[in-house]
1. Using only the Cα atoms of the chain, build the gyration tensor, take square roots of its eigenvalues as a ≥ b ≥ c, and label the shape rounded, prolate or oblate: rounded if a/c is under 1.5, else prolate if a/b is larger than b/c, else oblate.
2. Is it possible to state the helix-based mean residue ellipticity at 222 nm for the chain, with each DSSP H run of 4+ residues giving -39500 (n - 2.57), the sum divided by total residues, to the nearest 500 deg cm²/dmol? What is it?
3. Just list whichever of Lys262/Lys493; Lys49/Lys262; Lys45/Lys196; Lys158/Lys228 have alpha carbons separated by over 30 Å in the model shown.
4. Shape verdict for the range 204-278, please, from the Cα gyration tensor: rounded (a/c under 1.5), prolate (a/b greater than b/c) or oblate.
5. Say a paramagnetic label sat at a point 7 Å from the Cα of Val375, along Cα to Cβ; which residues of the range 53-69 have their backbone N under 20 Å from it?
6. Sort 420-430, 218-228 by the packing proxy (mean of other Cβ within 10 Å over each peptide's residues), most packed first.
7. So what is the relative contact order of the chain, in percent, for Cα pairs below 8 Å that sit 6 or more residues apart?
8. Distance from a point 7 Å along Cα→Cβ of Val256 to each backbone N in the range 149-192: keep the residues under 20 Å and list them by number.
Amino acid sequence: MGSHSQGKLHDSNLSSTSLKSETGHGEVNLELEKVLNDFHLPCPKRLWKASCIELKLLFRLAAPAVFSYVINNFMSLSTRMFAGHVGNLELAAASLGNSGIQLFAYGLMLGMGSAVETLCGQAYGAYRYDMLGIYLQRATVVLTLTGIPLMVVYLLSKQILILLGEPTKLASAAAIFIYGLIPQIFGYAVNFPIQKFLQAQSIVIPSAIISAITLGVHLLLSWVAVYKLGMGLLGTSLVLSLSWWIIIVAQFVYIVRSDRCKATWSGFTLQAFTGLWEFVKLSAASAVMLCLETWYFQVLVLIAGLLKHPQLALDSLAVCMGISGLSLMVSVGFNAAASVRVSNELGAGNPKAAAFSVVVVTSVSFIISLIEAAVVLALRQVISYAFTAGETVAHAVSELCPLLAVTLILNGIQPVLSGVAVGCGWQAVVAYVNIGCYYVVGVPIGCLLGFTFDLGAKGIWIGMIGGTLMQTIILLWVTFRTDWNREVEKARKRLDKWDEKKEPLLR
């Protein structure tokens, strides 16, 4: 980089020295890059020393992030569990509503929010701290506006599900569940930008603590809504929406009052309403990438609703998807860690550190996924009873568990590589990969096996695995072939482009 670029890297309203000492931002990154470039050390010693540095950084990020994601996912999972103990129809309805409609909004909002992840992570690595608050507010405005048409989709959910071929009784029950999730749409619009804003600064422990406390409140309120007030499906989903807003308010209070965010949050600004179209275009590729991924599972659940015995298929898939979802949250925690580590290192101009981070985080996540798969296989006969007392569902789940184990292993690799893609800003490339692997390969194979060969839910799941496996192999190849020096230069140009649009904040 030239002298002009280096000067901009360290420009901030606060002194870089004080902020480095507060966050540990600068010294450790430089130390890792220095160790990787120290060819006087023998290769094994150099790798060992670099691994110790990276693992310390990784687990400081990943452990609280995994905890937070697992807690948030368990809130949704516990909502379906409460619905399942009301009745099998309610479990199927909650599963269809969650996977058939709610994931539509989740995928779109999370996808658009990942643009904030790329920008905030690289800006923080480049010490351009004042840009993070502007990105946060601008993303919140864009996502809130996006939530309005999504609300219309929720209101028309019954008609949409019936149009897609779902049984009327099941679609009606699912619609009741979905109506209670409308406030959650706008919770996504605020939560995802806040989440990425904090993660970019490696601030993850406060979110984990907030999520843990909220889970306790959520379980209590769900129990009251279902067993004391008899609110049924609508009560479970309304409580879930409320729990999300509790987390959002608590996180925002932390941002406003915490000294750790004083460099990155300077108050509300009218800049949040400028450059919105540019931000929409930037987030479009991110949205397509994540949407195609989350909608893939949504499509498979909708297809399962068209099988000969849709309630049994949906119930068994609900249990397996719930278990897979908990495991996926572990990988999503490592996804967040990978994105933060890679984007920070690229923003700081450390290509070898970025590449080394990818290797370490992928290896660790893969090992954990192997352990998860072994546990699921060991408990395959009894694992469904946490969701429902039905023996028929338990037998169906037991038959799906080998496929679930394979899915868990793939979940240990694929989400981490997606995190690397977000950290680098490769969302557009991955979007094309997702189209081919999921919708050209995975869905057709699932339909062929599920309907033509009469394998039911098992056939649909095999198709899902085929698409995910192909995507994982391609992402591994793309990552292996990456020129990390070029990625550093692309990160610098991206930040320079957005920095030119910067205006003074309203104090």
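The values are calculated or read from the model by the stated rules, or taken from the named source; none is laboratory data. In this text the structure is predicted, and so the values were computed from the model without any measurement. When we count neighbours, we look across all protein chains shown, and the Cβ atoms used for this are built from the backbone with ideal geometry, even at glycine. Keep in mind that these areas ignore ligands, DNA and RNA; they rest on the heavy atoms of the full protein, side chains included. Shrake-Rupley method; radii C 1.70, N 1.55, O 1.52, S 1.80 Å.
1. prolate
2. Numbers: 21 runs with 394 residues, N = 507.
For the chain, the value works out to -26500 deg cm²/dmol.
3. On the way: Lys262/Lys493 26 Å; Lys49/Lys262 33 Å; Lys45/Lys196 35 Å; Lys158/Lys228 27 Å.
Among Lys262/Lys493; Lys49/Lys262; Lys45/Lys196; Lys158/Lys228, the Cα-Cα distance tops 30 Å for Lys49/Lys262; Lys45/Lys196.
4. Oblate, because a/c is 1.5 or more while a/b does not exceed b/c.
5. Backbone N within reach: 59-69.
6. 420-430, 218-228
7. It comes to 22 percent, rounded to a whole number.
8. Backbone N within reach: 186-192.
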